[in-house]
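Taking it in order: structure first as structure tokens, then the write-up.
The values are calculated or read from the model by the stated rules, or taken from the named source; none is laboratory data. Note that the structure is a prediction, hence the values are computed from the model and not measured. All Cβ positions, glycine included, derive from the backbone under ideal geometry; neighbour counts span all protein chains shown. Ligands, DNA and RNA are stripped out before the accessible areas are found, and what is left, the full protein with its side chains, is counted by its heavy atoms. Shrake-Rupley method; radii C 1.70, N 1.55, O 1.52, S 1.80 Å.
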Amino acid sequence: MVVGLGKSGLAAALFLRRRGAQVTVSDNRSAEALGKNIPALLEEGIAVEAGGHGLLTFRRQDLIVVSPGVPLNTPELVQVRAFGLPIIGEVELAARYLKGKTLAITGSNGKTTTTSLCGAILEAGKLPVEVGGNIGVPVIALVDESRDDGWSVLELSSFQLETAYEFRPDIAVILNITPDHLDRHGSFENYVAAKERIFAKQTAEDTLVLNADDDAASRAAARAKSRIFWFSNKRIVRQGAFVHEGAIVFRASEQAAPEFILKVEEIPLKGSHNVENVLAAVCASRLAGVAPEAIRAAVASFKAVEHRLEFVASVNGVDFYNDSKATNVDAAAKAIAAFPGGIHLILGGKDKNSDYRQLRGLLEERVKTVYTIGAAAEKIETHIQGAAPVVSAGTLDQAVTKAAEAAQPGEIVLLAPACSSFDQFENYEHRGQVFKELVHARQGVWQNV
């Protein structure tokens, strides 16, 4: 059985069926909501249970594969686990079939940029590479094209890792760990434990890359059996990547001399957090065997990932940036810190049990006005009261309109919501796309005002 018919659930169901398994998919959504997927599944001989989960259906299975969006405390899963039925995730399933080596990347923020950059670097280094996971392509979809001499570069979320039990990447990277998804995991400690599953099955033959500047990430070293490499934007590390005299360098061991990779000023991405992402990618790709020259060329030509501090347009001297991927407080803070000031900030969406008071210092220093949207608006307004002027916009459309009217030449309108998108949008990509459409739709109007 595959529980949850999202992108990865659909891919897992088809994968299993085409390898001879009897497959049932179960989803809480109605048959109408599942739409065009149902005929395709039925055509493949896959049974579909829509509109809820039936305990008897669950109990008839030999293996249950859970999609990342389905919480493990779903009552039916809790009950069948008590009966001893194995429950795994799509990543765990795919790992049993993937050929070649695996570079897996997790963290609260920066995963998509770092994963995309690692894929670009390995490709520049002439290594066969596939990129997937939380970045949009299910890991199971990489299996058929994987090869013994290739690499699978995977972005993995805490939701994916909490159902990974035997997964063992050759190189694992933890970029940072800050509070996120506490509505799902229940506590920060549980969230950290899910993230640390990325290296739980690694041995001394494998490598773990950690952020020396992040307390929660660096503490993982004490629990790892892997070889540890570090990256740092603030200090020299024993082995790994760091910034030295304006350049990113890599040290292969404590005894080795640092090798020059590229100058920090050559990084085309905005914000100090992106220096950290590049450091992580440099460290991981050198460990994968890519030459410094190829790394430098790939970084220098890398374009910002869509919805991650993405420049949208400049209208009447006001720059509009889309950071819809900033779905937690720490990500929003990094987006704000990328600009010196004059920011008109759009905050809000579906709350994840977050503490928005952590933004107060940055709001006081750099933000002219906050425009709140979505279900979390009232909580955000309470947490940031007095730190910056607040406009209750309600919707993204109203927020963009009001921010554009208020912003002066040289200022910034920044969408960095610090929340998930599911109250008003399908996902963060949908939210970011709507933001861009709103900016472009009004562009001509604003330029003629």
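Against the condition touching a helix residue (DSSP H, G or I) at 6+ places or on another chain (Cβ under 9 Å), at pLDDT below 95, open to solvent by 10 Å² or more (accessible area, probe 1.4 Å) and among the acidic types (Asp, Glu), how does Glu123 come out, does it pass?
Working: touching a helix residue (DSSP H, G or I) at 6+ places or on another chain (Cβ under 9 Å): yes; at pLDDT below 95: no; open to solvent by 10 Å² or more (accessible area, probe 1.4 Å): yes; among the acidic types (Asp, Glu): yes.
Here the answer is no, as Glu123 does not meet what is asked.
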Worksheet item: Mind checking whether some residue in the range 293-306 is outside any loop (DSSP other than H, G, I, E, B), basic (Lys, Arg), buried (at least 17 other Cβ atoms within 10 Å of the Cβ) and out of contact with any Ser or Thr (no Cβ under 7 Å at 6 or more places or on another chain)?
Response: yes
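Just one of Phe15, Phe83, Phe58 is exposed (fewer than 15 other Cβ atoms within 10 Å of the Cβ) and either more than 29 Å from Leu98 (Cβ to Cβ) or not basic (Lys, Arg) (or both); which is it? Please lay out each step first, then the result.
Numbers: Phe15 fails: exposed (fewer than 15 other Cβ atoms within 10 Å of the Cβ); Phe58 fails: exposed (fewer than 15 other Cβ atoms within 10 Å of the Cβ).
One residue alone meets the criteria, Phe83.
Kindly provide the set of residues from the range 250-289 that are among the aliphatic types (A, V, I, L, M), under 22 Å from Asp206 (Cα atoms), in contact with a Phe, Trp or Tyr (Cβ under 8 Å, 6 or more places away or on another chain) and outside any helix (DSSP H, G or I), ordered by number.
Filtering the range 250-289 for residues among the aliphatic types (A, V, I, L, M) gives 252, 256-257, 261-262, 264, 267, 269, 275, 278-282, 284, 287-288.
From what's left, under 22 Å from Asp206 (Cα atoms): 252, 256, 278-282, 284, 287-288.
The next check asks that each one be in contact with a Phe, Trp or Tyr (Cβ under 8 Å, 6 or more places away or on another chain); those that pass are 279-280, 282, 287-288.
Across the range 250-289, the qualifying residue is only Ala288.
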Practice prompt. Considering every residue within the range 30-40, establish whether at least one is within 29 Å of Ser146 (Cα to Cα), open to solvent by 40 Å² or more (accessible area, probe 1.4 Å) and of a type in the set (A, V, I, L, M, F, W, C).
Written response: yes
Fill in: Single condition Phe231 does not satisfy, out of (1) in a strand (DSSP E or B); (2) open to solvent by 30 Å² or more (accessible area, probe 1.4 Å)
(2)
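One line per residue, one yes/no per condition, for (1) within 22 Å of Lys111 (Cβ to Cβ); (2) free of Cβ contacts under 8 Å to residues at least 40 places away in the same chain; (3) buried (at least 18 other Cβ atoms within 10 Å of the Cβ); (4) out of contact with any Lys or Arg (no Cβ under 6 Å at 6 or more places or on another chain):
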position: Ala217; (1), (2), (3), (4): yes, no, yes, yes
position: Ala221; (1), (2), (3), (4): yes, yes, no, yes
position: Lys225; (1), (2), (3), (4): no, yes, no, yes
position: Glu245; (1), (2), (3), (4): no, yes, no, yes
position: Val275; (1), (2), (3), (4): yes, no, no, yes
position: Val282; (1), (2), (3), (4): yes, no, yes, yes
Worksheet item: Only one residue in Ile64, Ile87, Ile105 is touching a Cys at 6+ places or on another chain (Cβ under 9 Å) and of a type in the set (Val, Ile, Thr). Which one?
Response: Ile105
